[in-house]
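The numbers here are math on the coordinates, done by the rules we state, and not lab data. What you are looking at is a predicted structure, and each value in this text was computed from that prediction instead of being measured. Counting neighbours? That spans all protein chains shown, and the Cβs are built from the backbone with ideal geometry, glycine included.
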Amino acid sequence: MALNQSVSERGADRWHFRRIPWQRLTRFALVGIACGGFQLVLLAVFVEATPLGRSGNLVAFVLSAQMNYVLSERLTWSDRRGSHGFGWRRLAGFNALIIAAAGINQVLFIAVDMLAPYLAASALALIATSVLKYAIADRRVFPARV
């Protein structure tokens, strides 16, 4: 905040930061719940029925992320879509975000997996990385057009 701003301008700035996009956060949460559920089902299948075992968490995370991209572009960030059709740049940016989040998710999963059942560990890691993913997606992957 600049020192030469009037009191009313500072009040307007504070109000701007207090506005919370509840509809977008709700859509983000619903998409996250759907994709998180999909990931947990995949993880259970990988652990119980394949030789992947717990390393299947990373595979499930990446597959769920692709579903998340489609739903995010169509639902969560639909008002920020460009007019040029499919967003290859957005897909690339989203997957760069997912690669970074996957590393954090996997580290958290491994740490919590030592203390809790694998599905609980995966769910906790998902929730923890969601806050980071929302903040970055809002500013970098699906920026508002001004």
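Taking the inverse of the mean 1/r over every pair of distinct Cα atoms in the stretch 15-146 gives a Kirkwood hydrodynamic radius of 15.4 Å. In this simple spin-label model, placing a label point 7 Å from the Cα along the Cα-to-Cβ direction at both Asp79 and Trp22 gives a separation of 1.4 nm. With the simple spin-label model, which puts each label point 7 Å out from Cα in the Cβ direction, the Arg89 to Ile104 separation comes to 2.4 nm. Here the 3J(HN,Hα) profile of the stretch 116-130, calculated from phi with Karplus coefficients 6.51, -1.76 and 1.60 at θ = phi - 60°, is 9, x, 4, 5, 5, 4, 5, 4, 5, 5, 4, 4, 5, 7, 5 Hz, Gly and Pro shown as x. When peptides 59-65, 73-79 are sorted by average Cβ neighbour count within 10 Å, with the highest value leading, the order is 59-65, 73-79. At 25 °C and 0.890 mPa s, what whole-number value in µm²/s does Stokes-Einstein give for the translational diffusion of the stretch 74-146, with Rh from the Kirkwood sum over Cα pairs? In µm²/s, the coefficient is 181. Each peptide in 22-33, 133-144 gets a packing score, the mean of other Cβ atoms within 10 Å over its residues, and the list from highest to lowest is 133-144, 22-33. Taking 7 Å steps out from each Cα toward its Cβ at Ala116 and Met67 produces label points 2.0 nm apart.
Sorted on the mean count of surrounding Cβ atoms within 10 Å across their residues, most packed first, peptides 48-55, 116-123 read 116-123, 48-55.
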